[in-house]
Amino acid sequence: MSLGKALELDCGERRIAALQWGDPDGAPVLALHGWMDHAGSFAELAPLLDGCRTVAIDWPGHGRSPLDPGGDHFHFVDNVVVIDQALAALGWSRAHLLGHSMGAALALLYAAAYPDRAASLISIDMLGPISDEPGDFPTRLRRALQARSDYAERRRHFDTREAAIAARVKPELSSQGATLLAERGLEQTPDGWTWCGDRRLKLPSLTRLTSDQIDAALRATDVPTLVIRAAGDRPQRLEKMFARRFKELPRGTLATLPGGHHLHLENPGPCAATIVEFLLGPGAAEES
């Protein structure tokens, strides 16, 4: 695994850590990782994206990027601003947006707002943010406020690196994937091994977008869009939501590939081949 070249993007009051791979003159690709991951989640995929210059950022509070100074919250939609700042810091007026999970949801919102700045959108195992219905708002707000009232900064520490990796393994992330993320995501402190990432990221959002708002964003995303779905099973309600949302895309292409939610990390070969064909093959997004 190649962790690439470390970068630090100057985004005004905000510092964003990043990793870079590929040809400096290649097609510009901004890679956006998922919740509680980091830029290193693209370390298996990015070196396989021939013909591309891929820059993966750490979202604020993730990896090596601190949460905003004095910040006591994490608003999901605020990170759309980070995409704009990262593109400006890189000097890219237009780029391909490659996102996984949370990163894919945010990339879609940015492409909806600025379709002229997105050469294409590549969405890995996510299509738009998780939504709430309008009537859910009071309950969500109450729970979020209570969580902030109860919050205490206590990071979990482990006696060994292996124990920390084992704790990260979930149905959506294999032991292999957790081990790969550990290369950049774990740090050793006097209290033991701990995962990087601000604990405030786990506080529930004060609000979420509604399904109508997300549908409007999908329809406004008038750019070539590759949606990569993991072949694993999901609850039927999520499959129905995904199928409905995909129909709202003006220029969507769907690829179902072997692997789980982190397929770009755990099985990068088919994922990379599909992306390169989409970006640079005959009739590709690069020509749009």
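Listed values, structure above:
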quantity	calculated
Residue that is modelled with pLDDT of 95 or more, of a type in the set (D, E, K, R) and under 17 Å from residue 130 (Cα atoms), where the choices are 172, 248	248
Residue list for segment 106-125, restricted to those being open to solvent by less than 20 Å² (accessible area, probe 1.4 Å) and of a type in the set (D, E, K, R)	125
Among the residues listed as 103, 128, 99, the single one being in a loop (DSSP other than H, G, I, E, B), surrounded by 24 or more Cβ atoms within 10 Å (Cβ to Cβ) and in contact with a Leu (Cβ under 6 Å, 6 or more places away or on another chain)	128
Long-range neighbours under 9 Å by Cβ, at least six apart or interchain, first residue closer than 17 Å to residue 234 by Cβ and without any contact (Cβ under 8 Å) to a residue 60 or more places away in the chain within segment 249-267, second in a loop (DSSP other than H, G, I, E, B) and open to solvent by less than 20 Å² (accessible area, probe 1.4 Å)	259/125
Condition met for residue 273 (modelled with pLDDT of 95 or more and open to solvent by 50 Å² or more (accessible area, probe 1.4 Å))	yes
Contacts under 6 angstrom Cβ, first residue in segment 76-91 being farther than 25 Å from residue 131 by Cβ, partner surrounded by fewer than 14 Cβ atoms within 10 Å (Cβ to Cβ) and of a type outside the set (Val, Ile, Thr), 6 or more apart	89/10
Count of segment 188-198 residues which are open to solvent by 60 Å² or more (accessible area, probe 1.4 Å) and either in a strand (DSSP E or B) or of a type in the set (A, V, I, L, M, F, W, C) (or both)	1
Qualifying position, being open to solvent by less than 40 Å² (accessible area, probe 1.4 Å), of a type outside the set (Lys, Arg) and in contact with a Phe, Trp or Tyr (Cβ under 6 Å, 6 or more places away or on another chain), among 201, 257, 218	201
Residue, nearest to residue 81 (Cα to Cα), within segment 14-26, restricted to residues that are open to solvent by 10 Å² or more (accessible area, probe 1.4 Å), in contact with an Asp or Glu (Cβ under 9 Å, 6 or more places away or on another chain) and outside any loop (DSSP other than H, G, I, E, B)	14
Test: residue in segment 176-187 that is free of Cβ contacts under 8 Å to residues at least 24 places away in the same chain and open to solvent by 20 Å² or more (accessible area, probe 1.4 Å)	yes
Subset of segment 153-170 [open to solvent by 70 Å² or more (accessible area, probe 1.4 Å) and free of Cβ contacts under 8 Å to residues at least 12 places away in the same chain]	162, 170
Selection count, segment 1-13, where residues are open to solvent by 30 Å² or more (accessible area, probe 1.4 Å) and either free of Cβ contacts under 8 Å to residues at least 24 places away in the same chain or among the hydrophobic types (A, V, I, L, M, F, W, C) (or both)	6
Qualifying residues in segment 45-79 (those that are at pLDDT 95 or above and aliphatic (A, V, I, L, M)) - the one most open to solvent (accessible area, probe 1.4 Å)	48
Whichever residue in segment 131-152 is assigned to a loop (DSSP other than H, G, I, E, B) and not aliphatic (A, V, I, L, M) and, among such residues, is surrounded by the fewest Cβ atoms within 10 Å (Cβ to Cβ)	133
Any hit, segment 191-211, residues being touching a Pro at 6+ places or on another chain (Cβ under 7 Å), modelled with pLDDT of 90 or more and more than 20 Å from residue 57 (Cβ to Cβ)	yes
Residue check for residue 232: of a type outside the set (Phe, Trp, Tyr), closer than 16 Å to residue 122 by Cβ and assigned to a loop (DSSP other than H, G, I, E, B)	no
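The values are calculated or read from the model by the stated rules, or taken from the named source; none is laboratory data. Note that the structure is predicted; figures quoted are calculated from it, not measured. Positions of Cβ are generated from backbone atoms using ideal geometry, with glycine treated the same way; all protein chains shown enter the neighbour counts. These accessible areas exclude ligands, DNA and RNA; they are computed on the full protein's heavy atoms, side chains included. Shrake-Rupley method; radii C 1.70, N 1.55, O 1.52, S 1.80 Å.
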